[in-house]
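Below is one structure, written out as structure tokens; comments come after it.
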């Protein structure tokens, strides 16, 4: 592959990661297809997608820097920061229990993608839209005082761990889990995006520590281009989604996410 072609590949992969990481569409699956179409082996494509997760983690750290500072203050007694810290610790432990063995199995035995899993998430969003429309506002408002850090963290973290499977969107499954736990859409988005930081950093670390040789499959310039593009795109998408969560009615937001997920699943099933 020529140098400029690799740069185009990096920009395309970074844009896809920055957009689909935050939507209820599996960014891993999209990246796997992009890298596979570029001529890389499926297992290599999957691991490169995991590596790019670190870029979206960087974007989340930049965007949620105030929340992260509050979490750090929780170590010395800030009540809200401590609650969020407990939530993230619980969710990270639960994710770490499930995701690594799944990722290892997938990397070694990846043969085909399961499109039905993404379609199932879309149907869950559709069900949530109906429930929110029938019941009005969820019990929780955009107030983390309603957060039960250990219960919510463990259950959302277990859901997040399943996103190691191709076709399962990390943001999609965690937002659905948090909505089912009674969180408002804006709170579910915020918590899901905060959960992404340790989870996606873990995916990148896994790739570097256990499969570092995969980084030589494309040039360093292409990887840098992909990472920079993913960060910039992520900041734009996070801003847009959080604004939409505040302006749209809860059932309208989840209905929009359901439509995105189902359409993406149907398109992917034709590929």
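Values quoted throughout were computed directly from the atomic coordinates according to the rules given, and no laboratory measurement underlies them. On a predicted model such as this, the values are computed, not experimentally measured, just so you know. Cβ placement follows ideal geometry from the backbone for every residue including glycine, while neighbour counts extend to all protein chains displayed.
Here residue 36 and residue 151 are evaluated by their C-beta separation; at R0 = 35 Å the FRET efficiency comes out at 0.35. Listing 246, 190 from fewest to most neighbouring C-beta atoms within 10 Å gives 246, 190. Annotation: the residues 21, 80, 6, sorted from fewest to most other C-beta atoms within 10 Å of their own C-beta, follow the order 80, 6, 21. The residues 22, 133, when put in order of fewest to most other Cβ atoms within 10 Å, stand as 133, 22. Legend: calculated FRET efficiency, residue 221 to residue 247, from the Cβ-Cβ distance at R0 = 41 Å, rounded to 0.05, equals 0.55. The residue 75 and residue 5 beta-carbon pair, evaluated with R₀ = 45 Å, returns a calculated FRET efficiency of approximately 0.45.
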